1. Quote the charge dipole size of the stretch 229-271 about the Cα centre in Debye, to the nearest 20; the model charges only the Cβ of Lys and Arg (+1) and of Asp and Glu (-1).
2. Would you list, by chain and number, the lysines whose Cα falls below 29 Å from the Cα of residue 388, excluding same-chain residues fewer than 8 positions away?
3. Give the residue from 166, 186, 312 lying farthest towards the positive end of the charge dipole for the chain; charges sit on Cβ (+1 for Lys and Arg, -1 for Asp and Glu) and the dipole is referred to the Cα centre.
4. So which trypsin sites (Lys or Arg not before Pro) in the stretch 146-203 end up in coil per DSSP with only 11 or fewer other C-beta atoms within 10 Å?
5. Where in the chain is the longest stretch that carries no chymotrypsin sites (Phe, Trp or Tyr not before Pro) classed as loop by DSSP and with at most 16 other Cβ atoms within 10 Å?
6. Would you kindly state the longest site-free stretch of the chain, with sites defined as GluC sites (Glu not before Pro) in a DSSP loop (not H, G, I, E, B) surrounded by at most 16 other Cβ atoms within 10 Å?
7. Quick one: compute the contact order of the stretch 141-200, relative version, from alpha carbon pairs under 8 angstrom and 6+ residues apart, as a percent.
8. So what is the relative contact order of the stretch 70-138, in percent, for Cα pairs below 8 Å that sit 6 or more residues apart?
Amino acid sequence: MINLDTFVANELGISLNNFIYNSISVFKYDRRELNDYITNKCDENPLVYIDEDKLPLSAISSRSEDSPGILSELSTHFNCTLDDRRRETMQFILHSLSPSGFLEAHPKEVSSISGAPPGEVDELLELLKAYEDKGIGCTDVYDFLAFQLKNQGIYDEKLFNVFMSNLDSINRGNFDFLENNARHELLAYVQLITECCILSPIDGGESEYLEPDATISMDRNTFSISINDYLSDCITFEPFEVQPDDKDFKKKMEKYRQDYEELASILNARKMYLSSVLTIIANTQKSFLMGEADYLNPLDQNDLAKSTSLSPATISRLLANKFIATSKGTLPIKSLLSKKCCNGTSVSYAMHLIRNFSGFEKMSDSKISRKLGELGVNLSRRTVNKYKNEILSQN
């Protein structure tokens, strides 16, 4: 079990109260926010700098861009305009976009994993599409073309449906599916679409990958965790020699050194604790991550707090708005947690059982409760109703 007091007080020699006070925000930062924080701290301290020789090539490439990519721009925009809960859902949506800007995860999947109501997911998708009228987040080319035509006030549902239903024939120049007098009208509309529309929300020049905060890699059933905070390993302190009699200047230099040690300690602790928490999650949810099970084992923030000696509030900060790359895609870290419901089983497992009852949609809550009881999962009718409605809202 990791002990915060021992790590900070004995190994780092920093006041525990001061350490905790300054680490509260840093623990909550996602990868992008953390990099901004480190950069600002280096700018404030003349004896601290980022050693670019230690930067990975991918980081150097991204830092050399004249302006941020569209996905980073969107991430920043919605981080500033949405509340915490909606922001996390939007981040999952952004991580679910293809390089061309299409939504690869079904909105129901977004709702299921993020815990956001389906209606809220739809609202967030409309906000995303409306950003500078780019249509980012459309599900496919069909959806995106319709979005553009509606935005320009030239959408004709009948002609558009004929166009999309007969793309192969139109491409071959075969218009046999049309009456002669309708051919000219459709050709004019096809020309309009060609002149006014593009085929994807993000073109090749704007393509950008939103890097997750961490990665779980698997090799022969063994997991490895990597934390994507490369700047933490690149900050360097350059001591400055002063004359013994220059006490004021010496004091200032000492303060710069202490600030560096505190920064390094907080970053080290953040990485250590996040890595420890993710290791626990990976080991607990191994069967789900490997595709051997369709449900999560019981594990919540209180369990993680007990296993690490951290408070539930600190665990919450460590996991807030953070995403992890897994074999099942990039997911919110919190989506890999599931509370216990009864007899040591998880809510995820109970919902898995309900979902697999044939005709559960029309089955009474009492009957579902009895069937679950036969499988050793004893839930009240009211709890069954809650889980059943949650499943139905995702279908």
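No value in this document is a laboratory result; all are computed from the given coordinates. Since the structure is predicted, the reported quantities are computational estimates derived from the model, not experimental observations. Virtual Cβ from ideal backbone geometry, glycine too; neighbours counted across all protein chains shown.
1. 160 debye
2. Within reach: 108, 286, 322, 328, 334, 339, 340, 362, 367, 371.
3. 312
4. The qualifying sites are 172.
5. Value returned for the longest uninterrupted segment is 1-154.
6. 293-395
7. 58 percent
8. Value for the stretch 70-138: 27 percent.
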